[in-house]
Each structure stands twice: as C-alpha cells, then as structure tokens.
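The block underneath contains the structure these notes are about, expressed in structure tokens.
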Amino acid sequence: MQVSSIIEHITDWLKSYSSQANCTGFVVGVSGGIDSAVTSILVSRTNLPTLCLEMPIHQASSQVDRADNHINHLRKTFPNVSSHRIDLTSAFDHFVSAMPPVDKESSLQLSLANTRARLRMTTLYYFSALNGYLVAGTGNRVEDFGVGFFTKYGDGGVDISPIADLNKSEVYALGKELGVSEEIMLASPTDGLFSDNRSDEDQLGASYEELEWAMSFKEGQGKLSPRQTEVLDIYGRLHRANRHKMQPIPVCTIPEEMRNN
C-alpha cells in the first residue's frame, strides 16, 4: 500500500473538489476516534480553512479528552484550522423530554442514538451554511458500503467522503503516517452514541478486520472455520438490513400513459 501517495491523492482530490464546488473550506466533526482524526488531518493539509467541531452529548471524558488533544494539535500544526466545541447535551435532553414515552427499551435506545447523530449533522450544516464550507464525512469503506454502520441523515449526511474507499486497516495505516496520537490509534473504535460506551465491535458482533475479510470473501476459497462462517453470516445480515442506507432513495415513477390521459 502506497500510503504517502494515497495521502497526496486524497489531499489533491479535496482541493480539486472544493474548487469545482466553489466552496472555500471544510467543516468536520472530531470525535476522538481514528476516522475523524485522519479525515480532519487530510482536510487540514489542503491549507483551505478547516473548522473542526467537537459536539459532545453525554460523552465519556476519555472521548472528549482525545478530541480536545487532537484538535489542539491540529491548531498548532495548521494555521488554517479553527475549532468550536458545541455541547449539544442540553439540546438533546430537551428533545427527549418533548417526546412521548416509549415502552420498548431496545427501540428507544437505537432511536436516541440516531437522534444524537442527526443533531450533530444539523450542527455541521449550520456552520457549513454560515461559512460556505463543505461537510467532510468520516465514514470508512466497511461502514459506508459493507455493513451500513452509520445513521441515515446523521453521520451519513455529508457533502464529501474522503476516506470512504479505505478499509479500516488502511485508515489506521494513514493515521500512523500522518502522526495521529497513540491514544487515538490504540482506542477501541466506538460511535459514542450510547451511554454505556459500547464499542463498534460490541454492536456489530465482529471486528473490522473480520468484516474486511467478509467483504472480500469469494466462494470456493477453502474450508471455513466456525468463526469465519459466523462472520459471513453477520456481514450478510447487516448488509441486507442496512442496504436502504447505501442505495439511492426509492422513487415511485409514474407511467407515461397515466400522465398523458
């Protein structure tokens, strides 16, 4: 893998796309995880104005600290970087208090997790509109095109996706080359949307390494272990369940004969 060449390629692509879109910079949400760390460095390397937003909602202190440290490093390294911390906890709590009670706890927790992601998307686009910036997404290939591990119109609501063609392992390779801090490189991946700090692997039932293998698996590759069979089942189930996120919105087309009569 030509890591340095890929970094330069993405940086050039970001600058070219921004110019074609007639936008003056980027806004990106920084969570304290590897994906947002790599994305924020890549957009910062364009030398275009880059606004990093930290948007905690009942966030674990470890996540907040990693995000703070990363943003501080970016601001010291790149003069084009600015930042805001927008604490959305009270907005989230107010929204929850306005909603009717729900009996099914599992459905409620997922709904609230998605609400957190959509509040953050709304905040990113608020600053995008204020400044004429593009919202840079932080999803990787496994999440965006494999298992659909993102919130529809939440973290899936972006203008551009700089790292969406990179597997998670490749994102880590870029992170190492770009000098992402060890505390981020070693942290367990988490979307930070649940109060119990569950990891991505806890939610998905498989590691990113396993899911990358499942994405590239082709029939006839030899005898599978019980775990490999289980991972293929997990991948297939998630891919089918989340296909609606990864495909264009269905449109009901009207037959021409109905229009002409």
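Observations on the structure shown:
- Matching entry among 65, 87 (being outside any loop (DSSP other than H, G, I, E, B), among the charged types (D, E, K, R) and out of contact with any strand residue (DSSP E or B) (no Cβ under 7 Å at 6 or more places or on another chain)): 65
- Answer residue from the stretch 68-97, given it is of a type in the set (Val, Ile, Thr) and modelled with pLDDT of 95 or more and is surrounded by the fewest Cβ atoms within 10 Å (Cβ to Cβ) among those: 77
- The set of residues in the stretch 1-22 that are part of a helix (DSSP H, G or I) and either exposed (fewer than 12 other Cβ atoms within 10 Å of the Cβ) or not hydrophobic (A, V, I, L, M, F, W, C) (or both) comprises 4, 5, 8, 9, 11, 12, 15, 16, 17, 18, 19, 20.
So that you can scan it fast, the table gives a plain yes or no per residue for (1) out of contact with any Asp or Glu (no Cβ under 8 Å at 6 or more places or on another chain); (2) within 20 Å of residue 105 (Cα to Cα); (3) at pLDDT 95 or above; (4) aromatic (Phe, Trp, Tyr):
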residue: 189; (1), (2), (3), (4): no, no, no, no
residue: 192; (1), (2), (3), (4): yes, yes, no, no
residue: 196; (1), (2), (3), (4): yes, yes, no, no
residue: 199; (1), (2), (3), (4): yes, yes, no, no
residue: 217; (1), (2), (3), (4): yes, no, no, yes
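- Against the list (1) out of contact with any Lys or Arg (no Cβ under 6 Å at 6 or more places or on another chain); (2) under 20 Å from residue 39 (Cα atoms), the condition residue 152 fails is (1).
- Applying the criterion of being among the hydrophobic types (A, V, I, L, M, F, W, C) and assigned to a loop (DSSP other than H, G, I, E, B) to the residues of the stretch 235-261, the residue that is farthest from residue 158 (Cα to Cα) is 254.
- Residue 232 falls short of the stated requirement of being assigned to a loop (DSSP other than H, G, I, E, B), surrounded by 14 or more Cβ atoms within 10 Å (Cβ to Cβ), at negative phi and touching a helix residue (DSSP H, G or I) at 6+ places or on another chain (Cβ under 9 Å).
Residue by residue, here is whether (1) touching a helix residue (DSSP H, G or I) at 6+ places or on another chain (Cβ under 9 Å); (2) under 23 Å from residue 197 (Cβ atoms); (3) not in a loop (DSSP other than H, G, I, E, B) holds:
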residue: 102; (1), (2), (3): yes, yes, no
residue: 107; (1), (2), (3): no, yes, yes
residue: 111; (1), (2), (3): no, yes, yes
residue: 119; (1), (2), (3): yes, yes, yes
residue: 129; (1), (2), (3): no, no, yes
residue: 135; (1), (2), (3): yes, no, yes
residue: 142; (1), (2), (3): yes, yes, yes
residue: 145; (1), (2), (3): yes, no, yes
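- Among residues of the stretch 154-202, those that are surrounded by fewer than 18 Cβ atoms within 10 Å (Cβ to Cβ), part of a helix (DSSP H, G or I) and aliphatic (A, V, I, L, M), counted: 3
The values are calculated or read from the model by the stated rules, or taken from the named source; none is laboratory data. Computed from a predicted structure; not experimentally measured. So basically every Cβ, Gly included, is an ideal-geometry build from the backbone, and we count neighbours across all protein chains shown.
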